[in-house]
Every structure is written in structure tokens, then in C-alpha cells.
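Note sheet for the following structure.
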Amino acid sequence: MINIEKVHGSQNSFFLLDQTKLVKPLTTTELQNLVIKLTDSKTGLLGGSDGLLVVEPATAPAAIAQMRIFNKDGSQALMCGNGLRTVARYLAGKLHQREFLVQTAAANLRVQQYPDLAPGVPAFSVEIAPVSFTANDVGWHNLPFTKIINQPIPAFSANLKFTALAVPNPHLISFVADIHESHEILGQLGQELNQPNQYFPGGVNVSFAQILAPNKLFVETYERGVGFTNACGTGMSATSLAGHLAYPEQIAADELLTVYNLGGLVKTKIHSRVNGYWIELIGNATVTHQIYLPEKCLHEAEFEQQQVSLVETDEQDAYLKFVSTFKNS
């Protein structure tokens, strides 16, 4: 029997698979087939999820492991901040280390164990990098800009301004007066820019944000390859930096920011360096279920009920108790 986990960061949920445990690791095609079936709310396990996190041996000498991220539609993401926290927790427990490097598609990233957010709510800090503002990295076409920072883009909205950056996932961000009233507009724009279009042919993550108070934000994201999620780690990180660049009097660098989302909250910190920025993302790394199943179920992407054993942890109750302390306010 093989053990996989269901995990979440700010209720952005994933299944976590350690390929080093398998007799025969899954091929990329098998992983794509698996994620489409596993994450579906009807055909998957435990109501599905937002994606699949895959742990594999590192090919970079400084890293202790490699993380690959598969979206619900089978596409691969360069990075996932919420997912990296849960992978960091898994590796910390497996290898008995508190601080190390994890290899991702774009860079080796620093992760470290962080004090619990609340009783029973383990937390990790992860590096979000590299940061780029170029059209080549963010992926826009047919827009008259070399850099987009708090710019009106009439093709997208008659009255909103946008910032575009890659961290390294591409993000398009706008600050709005009321995040709830703007939900439908976000959904429409997110859907348009993640279907065949002339501006972002490779798609883009779209986030709307509201500044609640100095150094406090609320962020909602329409994720490329996924759609609406409870939270997007790279989206909240990118939005923190976009907020600082557009509204430095309200969003400070080198200070902890509180970023609320539909699934809870995270802390971020913008770090500047000679050649640009990196963002620190701090938040929960929660394991909701341990799942035991034959390895062939993974290869075949078939989950017969009698072959799968599900063991629920008590961590979700602890997380929801933590969220209840600020959700209503």
C-alpha cells in the first residue's frame, strides 16, 4: 500500500504524492491523467482538490528534493506558494530538518519551519522568487507597455488599473474599492484571459485586491488552469509587491503584511535586493487526510472504494477554529 496525503494552505487544497516511495514512479503522462481524475469533485477522492503536488529526487545539488505542481486540468505550474508550504512540512518531517532548499521548475527556494499560527496549526515560511516584470516572463502580447505597474488597460476594464509580474507564475493584479462587488468582474476577466485570447495566449492568474488598512489586504484569485480557488500563494505574494509599488504609503516593504483570503490568511514580507525583489510567504501547512491505496491505483488513475483507506486527522478542526477568530470581522 502507498500513502498519499490530502493537504492545504489557506484551504487551497492538494493531494501530495512522494514518487520516491513508489516501486515504479509515474510518468508525466500518468501524472497528468491522475491529477485530472483525482482532483475532480465527482471522480476523485475526498471531493477532489485544486491540484497535485509531486515530490521527486532533486537534480540540483543544493536542494534536498524537487517539487512538481500539476493543475486540475493536467497542466504544470512553475510554482505554488501554498503547495510549497505543505511540501516543506512533509520533507521536514521525513528528513528531520527545519530549514532547507526545495527545487522548483524556476529556482531552488528557501523554506523553513515557522512557529504555529495557533494550537494545532503548523506553519512554514517559503521564498517566492524570482520576480520579473518583463513581457517575456509575464507573457503578455499586443499591449503597448514594456512594464505594467498600476496602469489603465482599456482592453481589460474602463476604470481599473493593473500591475503585471511573474513570481515566476504570471500574475495580473488590480486593486478595487470593494472586493465582494468586484467578484463577477474578476471571474469574467479571468475566464477571458485563460481562454484563447490575443493578450495572454498562455493564460495568466488574475487577482483583485482590496486594501483593508495599512499593511492589510484581501486578495481573491482566478487561477490559470484551475479557476477560482480559496487562496493562491503566489497570487497573494505578487499582490503584496504590486500593492507596495502602487501604494507604498499603505503597503510597506520589509514589514509583515497580513493577507486575508477566502480560506483564511497568510503573512507576507517584501524583501528588496540589488537586482530586484523576493517575497516571503508564511502560512499554514495542514494535513487533513492520510490516504492508503495500492500503487496500481495511481498508475491506472482508478480508485475503487474497497481498495482505498482514508484516515482523517484532527488538523482541519484546529485550522477552522483558528480561522473563526477573525473570519467574521
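On inspection, residue 281 qualifies as at pLDDT 95 or above and in contact with a Gly (Cβ under 9 Å, 6 or more places away or on another chain). Restricted to the stretch 56-112, and to residues that are part of a loop (DSSP other than H, G, I, E, B), crowded, with 21+ Cβ neighbours inside 10 Å and not polar (S, T, N, Q), which residue is farthest from the chain's Cα centre (by Cα)? The extreme case among them is 72.
Sort through 235, 283, 243 and tell me the only one that's under 19 Å from the mean Cα position of the chain (by Cα) and within 16 Å of residue 213 (Cβ to Cβ). None of the other options fit; the residue is 243. Any chance the stretch 31-50 includes a residue that's within 13 Å of the chain's Cα centre (by Cα) and not in a loop (DSSP other than H, G, I, E, B)? Within the stretch 31-50, none of the residues are within 13 Å of the chain's Cα centre (by Cα) and not in a loop (DSSP other than H, G, I, E, B). For the residues 126, 54, the requirement of being among the aliphatic types (A, V, I, L, M) and free of Cβ contacts under 8 Å to residues at least 40 places away in the same chain singles out 54.
Of all residues in the stretch 285-296, at least one satisfies being surrounded by fewer than 19 Cβ atoms within 10 Å (Cβ to Cβ) and either over 30 Å from residue 32 (Cα atoms) or free of Cβ contacts under 8 Å to residues at least 40 places away in the same chain (or both). Being touching a residue at least 40 places away in the same chain (Cβ under 8 Å), closer than 27 Å to residue 49 by Cα and among the charged types (D, E, K, R) is a property that residue 223 has. Annotation: of all residues in the stretch 201-241 being assigned to a loop (DSSP other than H, G, I, E, B) and touching a Cys at 6+ places or on another chain (Cβ under 9 Å), the one that is surrounded by the most Cβ atoms within 10 Å (Cβ to Cβ) is 232. The number of residues in the stretch 249-303 being over 15 Å from residue 129 (Cβ atoms), in a strand (DSSP E or B) and among the basic types (Lys, Arg) comes to 1.
Somewhere in the stretch 153-160, is a residue buried (at least 21 other Cβ atoms within 10 Å of the Cβ), in contact with a strand residue (DSSP E or B) (Cβ under 9 Å, 6 or more places away or on another chain), β-branched (Val, Ile, Thr) and in a loop (DSSP other than H, G, I, E, B)? Within the stretch 153-160, none of the residues are buried (at least 21 other Cβ atoms within 10 Å of the Cβ), in contact with a strand residue (DSSP E or B) (Cβ under 9 Å, 6 or more places away or on another chain), β-branched (Val, Ile, Thr) and in a loop (DSSP other than H, G, I, E, B).
The values are calculated or read from the model by the stated rules, or taken from the named source; none is laboratory data. Every value quoted in this text rests on a predicted model; they were computed, and no experiment measured them. For neighbour counting, all protein chains shown are included, and Cβ atoms are generated from backbone atoms with ideal geometry for every residue, glycine included.
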